[in-house]
Structures are given as C-alpha cells and as structure tokens.
Amino acid sequence: MNFLISKDEMLAALNKCIGLATKGDSPLTENVKIDVGDEDITFTTSDRQSQIIASCPSSKIKTKGATCVNAKKVNELFRLLPDKEDINVFLDGNKLKIKTTGGSWELSNFPSEDFPVFTVNNEDTTQVSITSQSLTDLISRTLISMPRTGGLNTKLVDGILFEFSNNEMSATTYDGHRISSSKEKASSQVDQTASCIVPRRAVTEISKIISGSQEDIKFSIGKNNLILKTKSVELKSSLILKPFVPYQTAINPSEFSLLKVNTKDFSDALNRASLLANSEMREVMLTCSQNKIYIESLNRMSAEKSSESIDATYDGEEIQVIFNVRYLLDALSVMGSEITEIMVFFELNKKSDSVKYRWILKHEGKDHTKFFIAAIVPVVTPAIEPSESS
C-alpha cells in the first residue's frame with residue numbers, strides 16, 4: 001500500500017467517519033481501516049452497531065493494499081502536518097509511514113482482516129431519497145425531544161423515528177415530557193411506506209455526514225438495518241426495535257383552544273423571566289386571557305421577581321399554568337415563523353380530579369410541505385387566582 005494524498009482530502013474523509021472510532025470490546029474499534037483501490041481510498045470505522053465508509057481521491061496511487069491504524073492518532077497527525085503539500089502514506093512491515101518533505105512519522109498498524117465488519121442481512125428494503133437540507137431540518141427540529149442520555153426511564157426510545165409515506169418523510173422524538181415531530185417532502189416519488197427508529201449515535205453521525213452537503217441523501221430501510229448513502233460516504237446502522245409511543249393522538253386533539261403570539265416577543269419575555277426564576281426548576285407561570293399573556297417568574301428561594309405581559313390572541317377560557325421555561329424556549333427556537341400558533345387542550349385525571357393542560361406549538365411552511373409540532377406537558381396546573389398584573 002503506497003499513495004500520495006493532500007492533507008485536506010485526507011482530513012475531509014477522516015472527519016466523516018472518526019466519530020465511530022471509540023473504545024469498545026476490541027482495540028480494533030478505535031481504528032480506521034484504510035483501503036487503497038485502483039482509483040480511490042476508503043476509510044472505514046465501526047462500533048459494531050454502526051459502520052461508516054468514507055471515500056476520497058488520491059493524488060497518486062502507487063500500490064494497492066489495506067491496513068488498520070488508530071483513527072484519532074492518524075487524524076490528529078494529519079491535522080498538524082504542513083498545508084499545500086502531497087503527503088506520502090505507505091506500509092513498511094508492521095508500520096504505517098507518513099512522509100512529507102520535512103519529516104516522517106511511523107504508526108503501529110493492525111491486519112485489515114481483523115477489522116470488525118458490519119454485515120447487513122439480505123432483506124427487502126424501501127428506497128427513499130431526500131435532500132440533505134430537508135434531512136438536516138428534520139433532525140434539528142426534533143433533537144430537543146430526544147431523551148437525555150443516562151436517564152433512568154428505560155422505556156423511552158433513545159433515537160429518532162423516521163417515517164416515509166405519501167412522498168413525505170417525517171421525524172419524531174419523545175423524551176417523556178415532550179413530543180417533537182416534523183415533516184419534509186421527499187425527493188423520490190414512489191408509492192412506498194416505511195418506518196425505522198435510528199439510534200442517537202447514528203443520528204449524530206448522520207448530522208456530521210450531511211453537514212454542508214447539497215446533494216440528495218439516499219436511504220435504504222430494512223427490517224433491522226438502515227443504509228444511508230451520499231456520493232462519498234456510506235453509513236450502515238442497526239435499528240432500535242422497541243415500539244415507539246403512539247404520538248399521533250397526542251398531537252392531534254379533537255378539541256382545543258387556539259393561542260397566537262409573536263414568537264420573538266414571547267421568547268424574549270420568557271428569557272427575561274428565566275433570569276429571575278429558580279435556577280433548578282426554571283418555573284414560570286403563564287396566565288392566558290383574551291388578548292394578553294401574563295408571564296411571572298417563580299422563585300421561592302429569593303425575593304427576586306419578574307412580571308410582565310405581551311399581546312396575544314386567545315379564544316378559550318382564562319387559564320393559568322406553570323412551565324419549565326426551558327421546554328418552551330427550546331420549542332420556540334425552532335419555530336421558524338413570526339407568529340407561533342399554540343393549541344391548548346386539557347386532560348382530566350380521574351384519580352385526582354385534577355386538570356392537566358397540554359400545549360402544542362405548530363408551524364407550517366408556506367408551501368405546506370413541512371411543519372413542526374412540540375407537545376409540552378406543564379409542570380403544574382394551579383388553581384386560577386387573580387393576578388396583580390391582570
């Protein structure tokens with residue numbers, strides 16, 4: 001194995017796949033497999049649940065071959081090498097040598113035959129194509145409702161549910177308190193339906209792969225595995241096979257009141273209130289009337305207080321709810337519209353005879369091809385009391 005390559009080409013390929021090179025049950029999962037073919041070079045990393053193969057051209061391939069080296073070491077070394085110079089990479093016995101005009105470096109290598117190969121079963125798949133920008137939007141709008149890592153609730157699905165139907169792709173997440181769902185028009189125009197739950201780790205790597213890309217992203221969705229392809233990168237991942245929460249009923253109430261508020265005004269007021277709210281609970285109390293929202297910070301540990309109102313339109317009965325302000329701010333940050341529409345509805349807890357309100361924030365694009373929804377559960381629903389500000 002012997003080839004010449006530029007620093008930029010090498011780093012561009014390594015950066016697409018290095019995220020999977022972590023410590024695992026084998027030292028080989030820390031490595032990148034380098035394959036030199038007739039025309040290009042491929043770099044493969046795997047954590048046994050996912051695999052990424054990134055390819056790039058070479059300035060000159062002298063001889064073909066394959067080997068494995070520590071991914072982070074070779075990536076960091078190339079990052080520190082001089083710019084604008086072809087770098088010679090070749091095998092010499094049990095060492096991978098890297099040479100420039102000013103120096104040389106040797107890295108220990110492992111046989112490529114020992115590298116953990118991620119296999120995909122031969123099964124029926126559904127082929128889906130979507131633009132990289134649309135996929136980026138789907139992921140960024142729904143990340144707020146991904147379960148927190150290290151949480152104790154093992155029933156939660158730590159990933160994104162992707163669904164494809166009627167030439168649209170949707171992404172949905174649920175963290176036990178919030179549901180986020182978004183739709184985008186797919187590029188492929190075929191009569192197919194499919195769904196899969198992609199784990200958090202693979203979602204993170206997908207985001208890196210498509211960052212800055214302008215091309216269509218191709219999905220191949222099977223029963224147990226997913227394959228994602230761009231022109232230069234291929235990702236394979238196992239899927240989460242747990243059932244996902246039946247979210248459609250939760251975000252499509254039959255009866256609700258509609259609240260409309262300026263997105264920026266609401267976000268700014270909530271941020272001001274959060275500064276004086278309890279630093280742990282981050283609770284704010286909202287009182288909704290016909291043409292105003294009254295926003296008060298709650299902080300029993302301090303005499304500090306925030307109280308203000310902003311214009312709004314509301315067609316329901318006056319309500320008072322207490323939210324963790326972070327839930328609302330997260331959702332508003334991805335609304336993408338000047339006015340946020342909020343569907344307000346409630347559920348009666350038969351055991352305690354208490355009312356639990358749910359708010360659904362909704363945005364639909366002008367072309368009606370995409371929308372974002374966040375269903376947020378209030379922390380507390382207090383009894384309505386007259387407010388000084390009202």
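The table for this structure:
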| item | result |
| --- | --- |
| Hits in the stretch 13-37 (condition: modelled with pLDDT under 90 and not aliphatic (A, V, I, L, M)) | Thr22, Lys23, Gly24, Asp25, Ser26, Pro27, Thr29 |
| Residue selected from the stretch 347-358 under the condition within 28 Å of Phe372 (Cβ to Cβ) and touching a residue at least 24 places away in the same chain (Cβ under 8 Å), by the criterion farthest from the chain's Cα centre (by Cα) | Val355 |
| Strands (runs of 3 or more DSSP E) fully within the stretch 15-69 counting 3 or more residues that are in the same structural domain as Trp105 (by TED's automatic domain parsing) and surrounded by 18 or more Cβ atoms within 10 Å (Cβ to Cβ) | 31-36, 40-46, 50-57 |
| Residue pairs meeting the criteria (Cβ under 7 Å; at least 6 apart or on separate chains; first assigned by TED's automatic domain parsing to the domain that holds Ile130 and of a type in the set (Lys, Arg), in the stretch 222-251; second surrounded by fewer than 17 Cβ atoms within 10 Å (Cβ to Cβ) and in a loop (DSSP other than H, G, I, E, B)) | Lys223/Glu123; Lys231/Glu215; Lys236/Val120 |
| Residues satisfying the stated conditions in the stretch 99-128, i.e. loosely packed, with under 14 Cβ neighbours inside 10 Å and of a type in the set (S, T, N, Q) | Thr101, Ser104, Ser108, Thr119, Asn121, Asn122 |
| Residue in the stretch 41-53 that is touching a residue at least 12 places away in the same chain (Cβ under 8 Å) and farther than 19 Å from Lys236 by Cα present | no |
| Positions within the stretch 158-186 being closer than 15 Å to Thr126 by Cα and of a type in the set (A, V, I, L, M, F, W, C), in sequence order | Phe162, Phe164, Met169, Ala186 |
| Of all residues making up the stretch 154-201, the number that are of a type in the set (A, V, I, L, M, F, W, C) and more than 25 Å from Gln51 (Cα to Cα) | 2 |
| Residue check for Leu332: in the same structural domain as Glu283 (by TED's automatic domain parsing), without any contact (Cβ under 8 Å) to a residue 60 or more places away in the chain and either aromatic (Phe, Trp, Tyr) or surrounded by 15 or more Cβ atoms within 10 Å (Cβ to Cβ) (or both) | no |
| First in the stretch 74-94 and outside the structural domain of Ser108 (by TED's automatic domain parsing), second anywhere and crowded, with 16+ Cβ neighbours inside 10 Å and of a type outside the set (Lys, Arg), Cβ under 8 Å, 6 or more apart | none |
| Selection count where residues are part of a strand (DSSP E or B), of a type in the set (S, T, N, Q) and either under 20 Å from Ile251 (Cα atoms) or out of contact with any Lys or Arg (no Cβ under 8 Å at 6 or more places or on another chain) (or both), scope the stretch 312-342 | 3 |
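Here's the yes/no breakdown for (1) touching an Asp or Glu at 6+ places or on another chain (Cβ under 9 Å); (2) at pLDDT 90 or above; (3) assigned by TED's automatic domain parsing to the domain that holds Met343; (4) not in a helix (DSSP H, G or I):
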residue	(1), (2), (3), (4)
Lys260	yes, yes, yes, yes
Asp265	yes, yes, yes, no
Ala273	yes, yes, yes, no
Asn278	no, no, yes, yes
Met281	no, no, yes, yes
Gln290	yes, no, yes, yes
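The values are calculated or read from the model by the stated rules, or taken from the named source; none is laboratory data. It should be emphasised that the depicted structure is a prediction, and the values quoted were computed from it without experimental measurement. Cβ sites come from the backbone with ideal geometry, for glycine too, and all protein chains shown count toward neighbours.
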